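Just below is one structure, and these are the notes that go with it.
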Amino acid sequence: MERTWEEAGWEQLAPGVARRRLPGWDATAGLVHGPSAVLMVDAGATLHEGAELRRQAEGVLGRGVTHLALTHPHFDHVLGAAAFAGVEVYAAVGMDRMLGGRRGRDTLRADAVRHGIAGDAALEAVEQLLVPGHPISGDLAVDLGGGREAVLVNVGPGHTGHDIAVLVPGHGGTQSVVFCGDLVEESGEPQAGPDAVPGQWPAALDRLLDLGGEDALYVPGHGAVVDARFVRAQRDELAARFGVS
């Protein structure tokens, strides 16, 4: 059993805050813990991947994941959610209807298969997918104990119609950390699929920057951790790309 985040293949960003870059699509999974609760940020692309994330977190911490935040409704971030039965699940308002409906689940499965997930694995994950029970329309603080909290904020739309970010305020003099979902990407150009809202994406990044400030660590949905300057530059590139201010 892994005893440290490094042995488990995770990167520790601050005390009580870690992330893992998952194989395949370089998607981020994050984790924030305090004395009384453990929050996972995104769940991977398959039931197997979600189960591995949960096992690794519980192996290092010696206790279970209690909360799961889904940053947006794309297969590489949500299909592992079925491995988190029994935890409290949070997502942007409207994702509960999307993930709980047949049309939304069929779209997720088709997208996963198109990107190389085996059909039976995609079907299994979709059929067991957890529906978020806590819709986020503004912001919501999750108390993790010991003065540590994670703030879930609906900063979208942008990359999709249902984007949240997770702010972990600095604790004991450490930097704040912001899990951005795919509103920010470092390992490739930000992807604007059919569910993107391009005209509002730059404004979503403005809200993200207001949330974290100049000194935070920003964790993209794909790629290496970046700073506010990178986010601001990507915001301006997206504004130029989509012809908005």
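The values are calculated or read from the model by the stated rules, or taken from the named source; none is laboratory data. As the structure is a computational prediction, the values presented were derived from the model and not from experiment. Note that each Cβ is placed from the backbone with ideal geometry, even for glycine, and that neighbours are counted across all protein chains shown. Each accessible area value is taken on the protein alone, full model and side chains, heavy atoms only, with ligands, DNA and RNA left out. Shrake-Rupley method; radii C 1.70, N 1.55, O 1.52, S 1.80 Å.
A compact table of results
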| item | result |
| --- | --- |
| DSSP beta bridges in the chain [antiparallel fraction, %, rounded to 5] | 70 percent |
| Kyte-Doolittle mean at least 0.0 and Cα axial length at least 15 Å: DSSP H helices in the chain | 201-212 |
| Positive-end residue, region 26-99 charge dipole about Cα centroid, Cβ charges, pick of HIS77, PRO35, GLY94 | PRO35 |
| Sparsely packed GluC sites (Glu not before Pro) within region 93-161, loop by DSSP, other Cβ within 10 Å at most 10 | none |
| Cut-off 14 Å between beta-carbons: net charge of the residues surrounding LEU129, Lys and Arg +1, Asp and Glu -1 | -3 |
| Accessible surface, region 90-157, averaged per residue in Å² (probe 1.4 Å) | 49 Å² |
| Dipole of region 118-245, positive end: most advanced residue of GLY138, PRO220, HIS159 [Cβ charges, Cα centre] | GLY138 |
| Candidate values (i) 0.99; (ii) 0.93; (iii) 1.19, label of the one derived for Cα Rg over 2.2 N^0.38 Å | (ii) |
| 10 Å beta-carbon shell around GLY80, net charge (K/R +1, D/E -1) | -3 |
| Accessible-area value, HIS48, 1.4 Å probe, nucleic acids and ligands omitted, Å² | 140 Å² |
| Accessible-area ranking of ASP26, ASP163, largest first, probe 1.4 Å | ASP26, ASP163 |
| Positive minus negative residues near GLY243 (Lys, Arg vs Asp, Glu; Cβ under 15 Å) | 0 |
| MET98 accessible area, assembled protein chains, probe 1.4 Å, Å² | 60 Å² |
| Between region 62-91 and region 172-245, the Cα center-to-center distance that results, in Å | 22 Å |
| Fraction of accessible area attributable to carbon and sulfur, region 134-210 (%, probe 1.4 Å) | 46 percent |
| By accessible area with a 1.4 Å probe, ligands and nucleic acids excluded, highest first: order of ARG97, ARG63 | ARG97, ARG63 |
